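The values are calculated or read from the model by the stated rules, or taken from the named source; none is laboratory data. Not measured: the values here are computed from a predicted model. Glycine gets a Cβ as well: all are built from the backbone with ideal geometry, and neighbour counts include every protein chain shown. Calculation scope for accessible area: heavy atoms of the full protein, side chains included, ligands and nucleic acids excluded. Shrake-Rupley method; radii C 1.70, N 1.55, O 1.52, S 1.80 Å.
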Amino acid sequence: MSGLRRGLQVSRLVAAFRRERRAEVRFSRLMAGVYLGLGLLLLVCGGWLVGIAVGLLSPGTGTTDGAAVYGTVSLGVGLVLFGMGCGQVRRGTPALVVDDEGVHVLGKVVPWAHVSGFRTQQHRTGHSSHTVATIVVDEASARAWSQARREPERRGSRLYALGTVGPDGIALPFNLAVDPAPLCEALEAIRLEVRGRQTGAVDPAPDEVSSEQPPHA
């Protein structure tokens with residue numbers, strides 16, 4: 001079943017690109033729902049513990065020892081998780097868009113001329129490790145994309161599962177609706193198709209990484 005699902009993810013993404021010259025991948029609604037559910041649960045638990053600590057709720061047969069600390073921690077973690085879920089569900093712009101121009105990651109584009117390929121790898125974010133798809137690009141292109149991500153209109157995006165620049169290229173956001181391995185297969189098939197049509201075109205300079213938002217569908 002996993003092989004069938006992988007094949008379907010690849011074929012659907014490639015078919016969408018061939019049909020519309022554009023394909024998009026949004027964040028996984030399932031994972032966003034997990035964030036929302038866990039966040040809401042921790043918020044409720046944290047509020048209950050804080051209520052016990054300040055005397056608004058009865059501890060029953062238990063005690064109030066440590067309730068304030070545990071409640072505050074639960075509220076903080078719950079707020080972060082709930083915020084991540086809301087950010088991924090409500091995000092209007094797709095996390096990833098591919099078109100004839102290049103690969104648009106969270107609104108910033110890396111031209112096809114700079115993309116050497118795609119691969120999966122383990123990427124660490126804080127204390128968590130995720131298997132992600134990575135765009136293999138040169139260092140100058142990675143820096144240009146990273147600089148574009150720092151522009152004022154993109155501030156406040158820390159609640160999203162971010163794409164990041166690493167030693168091996170640009171790691172795409174985790175929690176996408178398409179799994180990393182089939183995503184790499186589909187993107188590579190699209191890259192070869194686009195570059196095949198663009199044979200003989202002049203490659204743009206690395207500093208031409210665009211800061212424009214991808215068009216809405």
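For the reader, a short list of remarks on this structure follows.
- For the stretch 63-74, the criterion of a residue being within 29 Å of Ser146 (Cα to Cα), open to solvent by 10 Å² or more (accessible area, probe 1.4 Å) and of a type in the set (Asp, Glu) is satisfied by no position.
- The residues of the stretch 131-146 that are surrounded by 15 or more Cβ atoms within 10 Å (Cβ to Cβ) and over 19 Å from Leu187 (Cα atoms), listed by number, are Arg143, Ala144, Ser146.
- Some residue of the stretch 79-95 being under 23 Å from the mean Cα position of the chain (by Cα), open to solvent by less than 10 Å² (accessible area, probe 1.4 Å) and within 30 Å of Gly196 (Cβ to Cβ): yes
- Residues of the stretch 15-63 classified as part of a helix (DSSP H, G or I) and more than 19 Å from Glu185 (Cβ to Cβ), total: 26
- The requirement of being closer than 21 Å to Gly78 by Cα, modelled with pLDDT under 85 and either polar (S, T, N, Q) or open to solvent by 60 Å² or more (accessible area, probe 1.4 Å) (or both) is fulfilled somewhere in the stretch 44-55, by at least one residue.
- Whichever residue in the stretch 115-159 is assigned to a strand (DSSP E or B) and charged (D, E, K, R) and, among such residues, is modelled with the highest pLDDT: Arg119
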